[in-house]
Amino acid sequence: ARQTDPELIEVFDNFAFDEVLQYGNLDRKTRIMVTMASCIAQHAVGEYKMMLRAAWGNGISPTEIKEVLYHAVPYVGIAKVIDFIGLTNDFLTANGVTLPLEPQSTTSP
């Protein structure tokens, strides 16, 4: 979109990476994870993929990435989340992560 819609992308970048940051106090990691969750809720696959790369590049762990997905299920439903689980697993595997991850549960079924 940057090449085909440069003015729109400039407005978006100014909003997302300038204006919002001036008025918020979330750290980068939290902001990325909240944005990932928002993308899941809206079923915004393309934007989620960009945020997944941002998460990886900013040191958000595979476990934290998966937790965003797992926590989204009761709020938006498995039907919306399932596509994101598949593409996240593909992304993690392509980046050398062995799946499944170590269990994180603290309770039993």
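The values are calculated or read from the model by the stated rules, or taken from the named source; none is laboratory data. Remember, predicted model here, so these are calculated numbers, not experimental data. Don't worry about glycine lacking a Cβ; one is built from the backbone with ideal geometry, like all the others, and counts go over all protein chains shown. Quick note on the areas: whole protein, heavy atoms, side chains included, nothing else; ligands and nucleic acids left out. Shrake-Rupley method; radii C 1.70, N 1.55, O 1.52, S 1.80 Å.
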Does the range 54-69 include one or more residues that are hydrophobic (A, V, I, L, M, F, W, C) and at pLDDT below 95?
yes
Residue under evaluation N95, criteria (1) surrounded by 13 or more Cβ atoms within 10 Å (Cβ to Cβ); (2) touching a helix residue (DSSP H, G or I) at 6+ places or on another chain (Cβ under 8 Å), criterion not met
(1)
(1) exposed (fewer than 14 other Cβ atoms within 10 Å of the Cβ); (2) at negative phi all hold for N89 apart from (1)
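What is the residue count in the range 62-84 for residues that are of a type in the set (V, I, T), open to solvent by less than 30 Å² (accessible area, probe 1.4 Å) and free of Cβ contacts under 8 Å to residues at least 40 places away in the same chain?
Initial filter on the range 62-84 (of a type in the set (V, I, T)): 63, 65, 68, 73, 76, 78, 81-82.
If we keep only those that are open to solvent by less than 30 Å² (accessible area, probe 1.4 Å) too, we end up with 65, 68, 81.
The next check asks that each one be free of Cβ contacts under 8 Å to residues at least 40 places away in the same chain; those that pass are 65, 68.
Selection size over the range 62-84: 2.
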Mind listing just one residue for me: the one in the range 82-109 that is over 14 Å from L69 (Cα atoms) and among the small types (G, A, S) and, of those, nearest to the chain's Cα centre (by Cα)?
A94
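In the range 16-61, which helices (runs of 4 or more DSSP H) lie fully inside it and hold 1 or more residues that are open to solvent by less than 90 Å² (accessible area, probe 1.4 Å), out of contact with any strand residue (DSSP E or B) (no Cβ under 7 Å at 6 or more places or on another chain) and polar (S, T, N, Q)?
Because the criterion is at least 1 residues that are open to solvent by less than 90 Å² (accessible area, probe 1.4 Å), out of contact with any strand residue (DSSP E or B) (no Cβ under 7 Å at 6 or more places or on another chain) and polar (S, T, N, Q), the helices (runs of 4 or more DSSP H) in the range 16-61 that meet it are 28-42.
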